[in-house]
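Below is one structure, written out as structure tokens, with a few remarks after it.
Just so you know, all these numbers are worked out from the coordinates, no wet-lab data involved. Computed from a predicted structure; not experimentally measured. Note that each Cβ is placed from the backbone with ideal geometry, even for glycine, and that neighbours are counted across all protein chains shown.
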Amino acid sequence: MSTNDEELADEIRRLRDRVVGVTDVAVATTDGILITADADADLVNPDTLAALSAATLGLARRAGDVLGRGGLQQTVAQFNHGYVVVQAVGELALMAVLGDAGMDVRHLHRESQAVTERINHLLTAPQEPAKRA
């Protein structure tokens, strides 16, 4: 695992730890290929989450374009038992966040802005090989 991969995993783990109610986080390409996830694979298939999130992001981006609302920041879906939040990470990636019914959406919004900037930097920075101990 490269240094950037480790830092990416740390970023999403810290987001999950900092925001009340976040249960799962995944980062994927905008075409639905999973990059990394911090998810309970027994409850959520990370590859499925990546694919569904890419479709959600694409639809939301298109709606924003057609309706003249500008660039997408995030899309939030609230359900009886929780939330699905999909946020653009630059032009080529996305972050999907699942939360329980008590997730603090406002806090997630505040935290995720800086997190997506750092993730975008990690995804676009040159890869460095991991140091061996």
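Numbers for the structure displayed
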read-out	value
Choice from T48, T75, T116 showing the highest fluctuation, given a GNM over the chain with Cα pairs closer than 10 Å	T48
Listed residues V85, V66, V19, most fluctuating in the chain (Gaussian network, C-alpha, under 10 Å)	V66
Summed residue charge, Cβ within 12 Å of R14's Cβ, Lys/Arg positive, Asp/Glu negative	-2
Neighbour cut-off at most 11 other Cβ (10 Å), DSSP loop, GluC sites (Glu not before Pro), region 24-133	E91
Of [x] 14.2, 41; [y] 14.1, 43; [z] 14.5, 53, the label for Rg and Dmax of the Cα atoms in Å derived from the coordinates	[z]
0 to 90° range, to nearest 10: angle between helix 105-124 axis and the chain longest Cα axis	40 degrees
